[in-house]
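Quick note: the coordinates plus some simple rules give every number you see, no bench work behind them. Predicted model, so just to flag it, every value in this text is computed and none were measured. As a convention, Cβ positions derive from the backbone with ideal geometry for all residues, glycine included, and neighbour counts pool all protein chains shown.
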Amino acid sequence: MKRISPFVLGLSLAVFGTTLAAAQEMSSMPKVLEITREYVKPGKAGAAHDHTESAFVQDMARAKWPTYYVAVNSLSGKVRALYLIGYDSFTAWQKDSDAVGKDMTLAAELDHASMADGELLDSMDQFVFYYDDDLSYRPNGDLSQARYLEVTSFHIRSGHGKEWHDLVALVIDADKKAGTSAHWATYELEYGGGDDYAVFSADKSMADIDQGFAENQKFRDAMGEDGMKRLHELEASAIESTDSELFAINPRQSYPPPEWVKANPDFWKPKPTMAPAAKPSTDKKPKP
């Protein structure tokens, strides 16, 4: 049964820092988070998409590029992939973009990879988020051991920002009191949409999700009857809509920091994918 709010899922939450600085300090949270979302055509996901995306990974590796990214593939909702890049600031993002533009070889290789990958896509879009420390609880930037990622979005009613912040504070206090395993990082959407927030949650296995649901009663007990009533009121007042989706981290489509690869090479450095073999023709040749 779904909990009252996606915030009280009690998952083992984390988000990622994929710039060079974050690779050196794995617990740091990137301030700016760029997300590219690709909707894959039916039948074109899996090995076919892994193959075209691996071209980007190989291009970045050959250039020894210091900006890393994580790819996740949907396990719920429409078939899609997310590509997440973190930066310490907007200035750092600009410097990275300018550097790519000046590297003519890399830019040409990425353009070529984009054309091949585009053949598999229905559409794509992009979003830019900014980290909100006040709405986060015990965040952790290390995804080296993670296998699943939940992305929960909240669309906040216009003019109800205070109730939204009060709601999160209420949940944080209850989780502290209950001693649950909850951790999360919250990002506010700056470009690409309206008054939205995204909460990112990572798990080493789906057993972490089971643990979150098992801690539900501990959270309720810590909240108390009055607290639960207040939580309901704040949700109804502040939140217009929510959406929770589950993704699997895909190492074949990711360009992870060297520290992550070193920590878990079996996962982060899988064998290269081969292009899907063409099906043999069923047309019968005329007899001579």
Considering the options Thr242, Ile209, Pro139, tell which one lies farthest towards the positive end of the dipole of segment 6-268, charges being +1 on Lys and Arg and -1 on Asp and Glu at the Cβ, about the Cα centre.
Ile209
Virtual spin-label span in nm between Ser241 and Asp195, 7 Å along Cα→Cβ
1.6 nm
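Measure up Lys31/Lys162; Lys44/Lys204; Lys64/Lys176; Lys41/Lys271; Lys102/Lys269; Lys78/Lys204 against 31 Å on the Cα-Cα distance and list the ones that go over. Provide the component values of the computation, followed by the final result.
Values: Lys31/Lys162 22 Å; Lys44/Lys204 27 Å; Lys64/Lys176 42 Å; Lys41/Lys271 25 Å; Lys102/Lys269 29 Å; Lys78/Lys204 23 Å.
Table pairs above 31 Å Cα-Cα are Lys64/Lys176.
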Once segment 21-177 is represented by equal point scatterers at the alpha-carbon sites, with solvent omitted, what log10 I(q)/I(0) does the Debye formula produce at q = 0.18 Å⁻¹?
-1.31
Diffusion coefficient, µm² s⁻¹, Stokes-Einstein with Kirkwood Rh over alpha-carbon pairs of segment 6-268 at 10 °C and 1.306 mPa s:
82 µm²/s
Charged-residue dipole, Cβ positions (Lys, Arg, Asp, Glu), segment 6-268 about Cα centre, Debye nearest 20
480 debye
The correct pair for segment 75-125, radius of gyration to one decimal and Dmax as a whole number, both in Å and from Cα atoms, is 14.1, 39
